[in-house]
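Peer 1: Handing you a structure now.
Each reported figure results from applying straightforward, stated rules to the coordinates on display, with no laboratory input. Source: prediction; values computed, not measured. Glycine also receives a Cβ, built like all others from the backbone with ideal geometry; neighbour counts cover every protein chain displayed.
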Amino acid sequence: MDTSDLKARLLEVAQRDFPLTPRPYKTLADRLGVAEDAVITAFREMTLDDELISRIGAVYRTGTVGASCLAALAVPENSLEKTAEFVGTFPEVNHNYRRDHPHWTLWFVVTAPDTAGRDAVLDRVEAETGLPLLRLPMVEAYHLDLGFPLR
Amino acid sequence: MSTPCLLDATDRALIEATQAGLPLVPDPYGAIAADLGLAAEDVRARMSRMQAAGVIRRIGVVPNHYRLGYRANGMTVWDVDDARVMALGEAVGALPFVSHCYLRPRFPEVWPYNLFAMVHGHDRAEAEAQAAEIRALLGEACRAGEILYSTKILKKTGLRLGRAPAAGQGG
């Protein structure tokens, strides 16, 4: 199996059921009939060089720990950069996207240890920008996030 | 809603230590255990327990959709009849091209949409075909919808270490 085949196979088989064994990369390697080093090297390249994967790890159920909230700010085009930068300075903000909507242009997720901490950040963003803020906390999650078909 | 699951301080420390990713060394659980002052078997047992309880949805590769060629990542939002949204949300969340699907509050006058589903296409035409499929599935229960594409990622960090543990991107 060449490197690109190995990467493709790993993306396919390792999206779920990454082994909880003492040497998980070896478990995967044995399953695919390759060496443990080859698997670790392929993952390292995919993570660091190709950026094909953002990480290998556990995906936790939303809302298991901490309190988070999706929020949208109605930012005028001419102050978008500045406002995005301000929002990004909060360590509690872990996603910050510009989205092409006529009104709600800046979207971000605030996560804090508890709802009081989360709401304090949202309050500060609202007060300090003086802009309309939408608070869209998750009410129910329907997806299972069992991996994504890579075709 | 999710079933509550009791997590102790060690579980929380473990979540913090693993959510940014497992190290690429032969014994990644052992490396995490060493950082936390635990035994490797304890780390694996706790992760296995959290997986069984549904706290961990899956352990595996988290793909970078954009780099894998999915250039059109759209947040589709829908105004769905409250009486039918639970059943329809399950159906939308089960579509193979939907990575996340959530019910969120709506705000009359400013935000009419209560159902959110993230779709991923190689280009906008593909994302729009996916949105059309969702629209068809929702049928008469859906009054309106939109796709909001992310046009710029201004900050996307993993959940940081050294702070209180955080949840996924669900918000």
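Peer 1: From the square roots a ≥ b ≥ c of the eigenvalues of the alpha-carbon gyration tensor of segment B:9-52, which class results: rounded (a/c under 1.5), prolate (a/b over b/c), or oblate?
Peer 2: Taking the square roots of the gyration eigenvalues as a ≥ b ≥ c, segment B:9-52 is rounded.
Peer 1: Continuing with this model, one more query. So what does the Cα-only Debye profile of segment B:72-149 read at q = 0.14, 0.24, 0.25 Å⁻¹, as log10 I(q)/I(0), no solvent term?
Peer 2: -0.38, -1.11, -1.19
Peer 1: Quick query: amide H of B:Tyr149 versus all other amide H atoms, modeled in the peptide plane; which residues come in under 5 Å with a sequence gap of 5 or more or a different chain?
Peer 2: Hits under the 5 Å cutoff: A:Asp100, B:Met75.
Peer 1: Short version: ³J(HN,Hα) in whole Hz for each residue of segment A:28-38, in order, from phi by Karplus 6.51 cos²θ - 1.76 cosθ + 1.60 (θ = phi - 60°), x for Gly and Pro, what are they?
Peer 2: Values per residue, Gly and Pro as x: 5, 4, 4, 4, 9, x, 10, 7, 4, 4, 4 Hz.
Peer 1: Which whole-Hz couplings ³J(HN,Hα) result when phi for each residue of segment B:110-119 is put into the Karplus expression 6.51 cos²θ - 1.76 cosθ + 1.60, θ = phi - 60°, listed in order with x for Gly and Pro?
Peer 2: Coupling constants for segment B:110-119: 10, 8, x, 9, 10, 10, 10, 9, 8, 10 Hz.
Peer 1: Still on this structure, please answer the following. For chain B, what does the helix formula give at 222 nm: sum of -39500 (n - 2.57) over DSSP H segments with n ≥ 4, over the residue count, nearest 500 deg cm²/dmol?
Peer 2: Helices in chain B give a 222 nm mean residue ellipticity of -10000 deg cm²/dmol.
Peer 1: Quick one: net charge of A:Leu32's neighbours, Cβ under 15 Å, K/R +1, D/E -1?
Peer 2: Net of charged neighbours comes to -2.
Peer 1: Based on the alpha-carbon gyration tensor of chain B and its eigenvalue square roots a ≥ b ≥ c, which shape applies: rounded if a/c is under 1.5, prolate if not and a/b is larger than b/c, or oblate?
Peer 2: Prolate shape, in that a/c is at least 1.5 and a/b is the bigger ratio.
Peer 1: For chain A, set up a Gaussian network in which alpha carbons nearer than 10 Å are linked by springs, and say which option among A:Thr83, A:Thr21, A:Thr129 fluctuates the most.
Peer 2: A:Thr21
Peer 1: Sticking with this structure for a sec: Dipole magnitude of the protein assembly as shown about its Cα centre, charges +1 at Lys/Arg Cβ and -1 at Asp/Glu Cβ only, in debye to the nearest 20?
Peer 2: 200 debye
Peer 1: Something else now. Apply the Karplus curve 6.51 cos²θ - 1.76 cosθ + 1.60, θ = phi - 60°, to the phi angles in segment A:18-25 and return the couplings in whole Hz, x for Gly and Pro.
Peer 2: 4, x, 9, 10, x, 10, x, 5
Peer 1: With a/c under 1.5 counting as rounded, go ahead and sort segment A:3-49 into rounded, prolate or oblate using the C-alpha gyration tensor (a ≥ b ≥ c being the square roots of the eigenvalues; past the cut-off, prolate if a/b is larger than b/c, else oblate).
Peer 2: Cα axes put segment A:3-49 in the rounded bin.
Peer 1: Summarise the long-distance tail of P(r) for the protein assembly as shown by giving the % of C-alpha pairs beyond 29 Å.
Peer 2: Roughly 39 percent, once rounded to a whole number.
Peer 1: What residue among B:Arg135, B:Arg46, B:Arg71 has the largest mean-square fluctuation in a Gaussian network model of chain B, using Cα springs under 10 Å?
Peer 2: Sorting by GNM fluctuation, first place goes to B:Arg46.
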